[in-house]
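Asker: My questions will all concern the structure given below.
The values are calculated or read from the model by the stated rules, or taken from the named source; none is laboratory data. Only a predicted model underlies this, so the values are computations on that prediction, with no experimental measurement involved. Reconstructed Cβ throughout: ideal geometry from the backbone, glycine too, with neighbour counts over all protein chains shown.
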Amino acid sequence: MRATRPRRSLWSPAEGPGARGEPAGPAIARRVRSAILLVGAAVLMTGCAIGGDQPGELPQDALDPEGPAAETAHRLWNIVFPIAVAVFVIVQGALIYLMVRFRDRGQAAPPRQITGHTRLEIAWTVIPALILAAISVPTVAGIFELAADPGEEALDVRVVAKQFWFGFEYLGEEGQDVITANEMHIPTGRPVHLTLESLNPQAPDTFDASDPEGSRSEQSLEGVIHSFWVPSLAGKQDVIPGYQRTLTLAADEPGTYEGQCAEFCGLGHSEMRFEVVAHEPEEFQRWLDEQSQPADSDLDGLAAEGQDIFGQNCVQCHAVEGHPQNADVRIGPNLTHFASRDQFAGAVFDVDDREQLAAWLRDPAAEKPGAQMPDLGLSEEDIDALVEYLYTLE
Ligand code: CUA
């Protein structure tokens, strides 16, 4: 005789709901009800988010496209999602029905074993193949549409991804060599053609527009994978070290569209954000003209002191056009118009927040884990003067 081990089961009377002499049926029903409530609550909570500027508007909503690239992706979603839902409901419905209908009622003999059913097998091979073939038609068309060259009328912007912030460069005559960070400004109703690169956050970016491929140093190309994503304007574009990737997007209406890095890239990944600010074309041109002006270096008082301290500690990494010691180094963000921006440090802190800016200068990595800016050991007086100087960079 073989000794049978006691069967451990979720519902076994020794430890399950019936253990305290309570009938198992209602207890199971209660558990099932709680499970359904829990799953239902979880599904409902996925709809929770902090709203955008308008009521009912979410800051990063791929289901509310605000430009042609996002609309193309959304159109595909509108086709694929209902089909996926139908497949899910049919398959899960059949599964649940069969589980309930043919459940072990304790008295039945083992069922007749079936091996193979040619017609069924052909059916569940051919049907998914047909569905996938049908979906591939608009998908492939959409891929080609999104990858198409936007042509001469597009505005070219070079996007640089570093740990943990994005930089934006408007190069050439039209862009007036404007370089900014954390905020990409674009004109409405016009395609913007992005060339994206991931670079080493510790090395100078040696890019020269007259030799786009060859000018970058080996060292500067040692970046990590990031992903550029503005959900309401376009799909994600992974940024792979050593490659120049492209993405075309456009915004229909003026406004601020939030974006973020969508690929884990290190400690500061979740704090690698940015904004796309779309203006009417004339307003955009005005912005570009302002940004191409050098900073005012004719300062006095505390701001002048700050300018000196910046020259001693910061010009090795940050460019400020117009600063007497500006070395045009592209390691950290270009700060020429720092005070005209809304946010800094990967768009996680408000520029207007004086206390926050001082705390950042005191110890960057304490404010944003993984930040590559070193703790420069500045005195409180130095920090005060630097903050005053940074606020003159409008
Ligand atoms: Cu960059 Cu995540």
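Asker: For residue 295, work out the one condition from (1) small (Gly, Ala, Ser); (2) crowded, with 20+ Cβ neighbours inside 10 Å; (3) part of a helix (DSSP H, G or I) it doesn't fulfil.
Answerer: In the conditions (1) small (Gly, Ala, Ser); (2) crowded, with 20+ Cβ neighbours inside 10 Å; (3) part of a helix (DSSP H, G or I), residue 295 misses (3) alone.
Asker: Looking only at region 370-394, which residues are surrounded by 14 or more Cβ atoms within 10 Å (Cβ to Cβ) and either without any contact (Cβ under 8 Å) to a residue 40 or more places away in the chain or under 24 Å from the mean Cα position of the chain (by Cα) (or both)?
Answerer: 370, 371, 372, 373, 383
Asker: Identify the residue in region 237-249 that is part of a loop (DSSP other than H, G, I, E, B) and within 15 Å of the ligand (Cβ to nearest atom) and, among all such residues, is surrounded by the most Cβ atoms within 10 Å (Cβ to Cβ).
Answerer: Top of the filtered list is 240.
Asker: If a residue must be assigned to a loop (DSSP other than H, G, I, E, B) and in contact with a strand residue (DSSP E or B) (Cβ under 7 Å, 6 or more places away or on another chain), how many such residues does region 346-369 contain?
Answerer: Residues flagged as assigned to a loop (DSSP other than H, G, I, E, B) and in contact with a strand residue (DSSP E or B) (Cβ under 7 Å, 6 or more places away or on another chain) within region 346-369 amount to 4.
Asker: Follow-up question, since we're still on this one. Could you say which residue among 258, 275 is buried (at least 18 other Cβ atoms within 10 Å of the Cβ), within 16 Å of the ligand (Cβ to nearest atom) and under 21 Å from residue 393 (Cβ atoms)?
Answerer: 275
Asker: Is there any pair with a first residue in region 250-269 that is in a loop (DSSP other than H, G, I, E, B) and a second that is basic (Lys, Arg) whose Cβ atoms are under 7 Å apart and which are 6 or more apart or on different chains, and what are they?
Answerer: 250/190; 262/236; 268/368
Asker: Filter region 305-321 for residues that are in contact with a Ser or Thr (Cβ under 9 Å, 6 or more places away or on another chain) and either among the small types (Gly, Ala, Ser) or outside any loop (DSSP other than H, G, I, E, B) (or both); which is farthest from residue 358 (Cα to Cα)?
Answerer: Among them, the one singled out is 319.
Asker: Restricting attention to region 135-156, does a residue exist that is within 14 Å of the ligand (Cβ to nearest atom) and not basic (Lys, Arg)?
Answerer: No, every residue in region 135-156 fails to be within 14 Å of the ligand (Cβ to nearest atom) and not basic (Lys, Arg).
Asker: Only one of these is surrounded by fewer than 17 Cβ atoms within 10 Å (Cβ to Cβ), within 16 Å of the ligand (Cβ to nearest atom), free of Cβ contacts under 8 Å to residues at least 24 places away in the same chain and not small (Gly, Ala, Ser): 218, 282, 222. Name it.
Answerer: Among 218, 282, 222, only 222 is surrounded by fewer than 17 Cβ atoms within 10 Å (Cβ to Cβ), within 16 Å of the ligand (Cβ to nearest atom), free of Cβ contacts under 8 Å to residues at least 24 places away in the same chain and not small (Gly, Ala, Ser).
Asker: For residue 327, are the conditions met, namely being crowded, with 19+ Cβ neighbours inside 10 Å and at pLDDT below 90?
Answerer: Against the criterion (crowded, with 19+ Cβ neighbours inside 10 Å and at pLDDT below 90), residue 327 does not qualify.
Asker: Turning to a different aspect of this structure: Within region 223-238, can you find the residues that are within 10 Å of the chain's Cα centre (by Cα) and either polar (S, T, N, Q) or closer than 13 Å to residue 192 by Cβ (or both)?
Answerer: Those that are within 10 Å of the chain's Cα centre (by Cα) and either polar (S, T, N, Q) or closer than 13 Å to residue 192 by Cβ (or both): 227, 228, 230, 237.
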